[in-house]
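Below is one structure, written out as structure tokens; comments come after it.
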Amino acid sequence: MNPRLLSGLSVFERGWLSSNNILLHGSGEGGHATLVDTGYVAHAEQTVALVRHALRPGQALCRIVNTHLHSDHCGGNAALVRAFGAQVVIPPGDADAVAQWDEDRLTYRLTNQRCERFNADALLRPGDSFAVGGRTWQALAAPGHDPHSLVLFDAQHGVLISADALWENGFGVVFPELDGLGAFDDVATTLDLIESLDARLVIPGHGAPFNDMAGALQRARSRLAAFRADPTRHARHGIKALAKYHLLEAGNEPLPELLAWFAATPIVRQVWLRLGRPAGSPAAWGEQLTSELAAQGVVVLREGMVHNA
Ligand SMILES: [Zn+2]
């Protein structure tokens with residue numbers, strides 16, 4: 001990878017519970033830095049420590065930009081504001097929900113996830129640009145995974161911060177589809193937009209930065225075609241991804257506790273109802289999905305416990 005593509009950027013590659021964080025360094029000593037996305041609330045102190053360590057002498061974190069407001073992308077906002085006094089900049093579609101801290105519209109209640117409350121100081125609209133350290137980042141609308149998501153593109157250097165719109169192998173769960181709102185067309189449109197950008201380096205929301213955008217787009221489109229052909233497959237995949245996410249936070253867990261999570265999580269019930277009540281109850285369906293996760297090697301079932309693989 002051409003190291004110049006990453007100059008002035010620090011990428012903190014996290015796991016799946018926390019999104020990656022990208023620190024955009026300001027120019028010279030005493031410059032102002034911007035952080036893109038802040039991880040999950042359970043990792044907030046680690047995120048603060050990573051930023052503190054990466055800031056150059058005299059440099060201040062003056063701004064946080066969220067690509068979208070899923071709990072794994074903005075869960076560190078409140079802690080970072082406390083630690084550094086940074087301003088929080090969000091996509092406009094979520095402004096009212098944040099102002100009222102409406103956990104239904106912000107999806108945290110639906111998914112049974114947590115996020116510490118924060119305030120937004122400014123909006124980043126599609127088409128807006130901001131400059132940090134000799135790079136200019138343009139915000140582009142990237143609906144699909146989340147209707148209000150942005151991606152950020154530095155056209156001069158050909159660097160794309162793609163959030164969960166494009167990963168090296170696929171893209172994030174298409175959450176509106178789990179709500180019964182068609183969004184596969186949005187995913188396709190967003191992939192077309194990304195293709196038009198001529199990016200030489202993609203920094204995804206999860207996983208390592210990569211150069212082969214053409215390969216990633218091909219894999220994403222074939223995944224999208226499979227989901228379009230069988231939306232039930234996407235719905236089951238989405239619920240399994242949320243269950244795995246829950247396990248990453250909970251750690252290893254007795255199977256009955258995981259099944260209680262399936263029973264208590266509103267989006268699981270919604271999807272279960274839409275699919276015609278498979279297995280008779282959300283918990284029984286959850287047990288089937290857990291077996292599938294075990295068969296896929298994502299979890300290990302042993303002596304009544306569910307372990308992260
Ligand atoms: Zn997301």
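The values are calculated or read from the model by the stated rules, or taken from the named source; none is laboratory data. This is a predicted model, so every value here is computed, not measured. Here the Cβ positions follow ideal geometry from the backbone for every residue, glycine too, while neighbour counts run over all protein chains shown. Please note that ligands, DNA and RNA were not included when accessible areas were found on the heavy atoms of the full protein model with its side chains. Shrake-Rupley method; radii C 1.70, N 1.55, O 1.52, S 1.80 Å.
Per residue, the convex hull around the alpha carbon atoms of the chain comes to 125 Å³. The relative contact order of the stretch 76-232, computed from alpha carbon pairs under 8 Å that lie at least 6 residues apart in sequence, is 17 percent. Derived scalar couplings between HN and Hα for the stretch 240-255 equal 5, 5, 5, 5, 5, 4, 4, 5, 5, 7, 6, x, 5, 9, x, 3 Hz in order, rounded to whole Hz, by the Karplus curve 6.51 cos²θ - 1.76 cosθ + 1.60 (θ = phi - 60°), x for Gly and Pro.
Exposure check, 1.4 Å probe, all protein chains in place: residue 213 carries approximately 20 Å² of accessible surface.
Each part gets one Cα centre, and for the stretch 1-67 versus the stretch 256-309 those centres are 35 Å apart. Sorted on the mean count of surrounding Cβ atoms within 10 Å across their residues, most packed first, peptides 242-249, 159-166, 224-231, 14-21 read 159-166, 14-21, 242-249, 224-231.
Carbon-plus-sulfur accessible fraction, the stretch 28-179 (probe radius 1.4 Å, protein heavy atoms only): 47%.
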